[in-house]
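J.: Sharing a structure below in structure tokens format, with a few things to ask.
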């Protein structure tokens, strides 16, 4: 292969790479393309939105060579200085909702990137409207890892799984956890399992104690096999109050589909359209206690209906091997690379 692929990450990598969807995708693409991984995130711990000029650690030394294809993974579109340095081709892979981004931002990308890859129809339609740069949609997926549809009857409190943990203190609020804890404090029919990524355990434990719900919440802060948790859940929960913090096609919701488990999510997350269309659970408009309460009441009252819908739905489009093949084929076709 004449062209060399630089795979560029821009966020903290957990020690267990299976705990982060974007990291999994980047490393999978590295193996598929025989590329090299670089991480330009400037710190060792997650932080809130940082100035883009800080993202310069560990830049590929050959980024200015014309035969290099540089592939940057980042949640949203940002004006990275690294884009200006690249002399070769530059591919930007965005994982969270772009349809809320301001149109004036797109002028920058018309100048500095050669290809934008998005993962959902919403983002594709918006970016095609504002970008002259080529835009393609590649549907992401998971490795089902032996996950099977579960038909166990629901007994006792509703077992809720949150498998997309916050990275930063701000995300404890923006991923709806604080609101969820508040709701659980007034209900005895909801028990929560929260999978962490090695960060914020003490902060979340303090919040759990503050709401007096330690008997209703279980924290898992270690490497796990997701099937052991998603197959034992009654519902998988994931919401976001702002764009840029949750993937448009979250792995935890796709894994719920493979396990036949109903979902609660919100409109901001693009996968909500799949949940709505296939009646896989409840989609809330506003992330607040009242809307969450209504959603949980509906799930509990109509559990067998939602469960049967979830079992009958086939998430075959969302599989990791297919995603990696589609990514490779798209890159080779667009840049005329011999296979």
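The values are calculated or read from the model by the stated rules, or taken from the named source; none is laboratory data. Remember, it's a predicted structure, so these values are computed and weren't measured experimentally. As a convention, Cβ positions derive from the backbone with ideal geometry for all residues, glycine included, and neighbour counts pool all protein chains shown.
J.: Do you know which residues across the stretch 199-220 are surrounded by fewer than 17 Cβ atoms within 10 Å (Cβ to Cβ) and assigned to a loop (DSSP other than H, G, I, E, B)?
T.: 212, 214, 215
J.: Condition test on residue 256, is it in contact with a strand residue (DSSP E or B) (Cβ under 6 Å, 6 or more places away or on another chain), in contact (Cβ under 8 Å) with a residue 40 or more places away in the chain and surrounded by fewer than 23 Cβ atoms within 10 Å (Cβ to Cβ)?
T.: Judged against the criteria, residue 256 is not a match.
J.: Just to check your reading of the model, which residue among 289, 227 is under 19 Å from residue 150 (Cβ atoms), surrounded by fewer than 20 Cβ atoms within 10 Å (Cβ to Cβ), in contact with a helix residue (DSSP H, G or I) (Cβ under 9 Å, 6 or more places away or on another chain) and not assigned by TED's automatic domain parsing to the domain that holds residue 17?
T.: Numbers: 289 fails: under 19 Å from residue 150 (Cβ atoms).
So the residue among 289, 227 that is under 19 Å from residue 150 (Cβ atoms), surrounded by fewer than 20 Cβ atoms within 10 Å (Cβ to Cβ), in contact with a helix residue (DSSP H, G or I) (Cβ under 9 Å, 6 or more places away or on another chain) and not assigned by TED's automatic domain parsing to the domain that holds residue 17 is 227.
J.: Is it the case that some residue within the stretch 268-280 is free of Cβ contacts under 8 Å to residues at least 60 places away in the same chain, closer than 20 Å to residue 24 by Cβ and in contact with a strand residue (DSSP E or B) (Cβ under 7 Å, 6 or more places away or on another chain)?
T.: The answer is no; no qualifying residue exists.
J.: Give the residues of the stretch 36-52 that are in a loop (DSSP other than H, G, I, E, B), modelled with pLDDT of 85 or more and in contact with a helix residue (DSSP H, G or I) (Cβ under 7 Å, 6 or more places away or on another chain), sorted by residue number.
T.: 40, 42
J.: For the condition within 19 Å of residue 219 (Cβ to Cβ), crowded, with 18+ Cβ neighbours inside 10 Å and free of Cβ contacts under 8 Å to residues at least 40 places away in the same chain, what is the one hit in 183, 161, 194? Talk me through it step by step, then tell me what you get.
T.: Numbers: 183 fails: free of Cβ contacts under 8 Å to residues at least 40 places away in the same chain; 161 fails: free of Cβ contacts under 8 Å to residues at least 40 places away in the same chain.
Being within 19 Å of residue 219 (Cβ to Cβ), crowded, with 18+ Cβ neighbours inside 10 Å and free of Cβ contacts under 8 Å to residues at least 40 places away in the same chain holds for just one of 183, 161, 194, which is 194.
J.: So, one more: Within the stretch 180-190, can you find the residues that are over 18 Å from residue 298 (Cα atoms) and part of a helix (DSSP H, G or I)?
T.: If the condition is that a residue be over 18 Å from residue 298 (Cα atoms) and part of a helix (DSSP H, G or I), then 181, 182 are the ones that fit.
J.: Looking only at the stretch 233-256, how many residues end up being more than 22 Å from residue 119 (Cα to Cα) and part of a loop (DSSP other than H, G, I, E, B)?
T.: Final tally of qualifying residues: 2.
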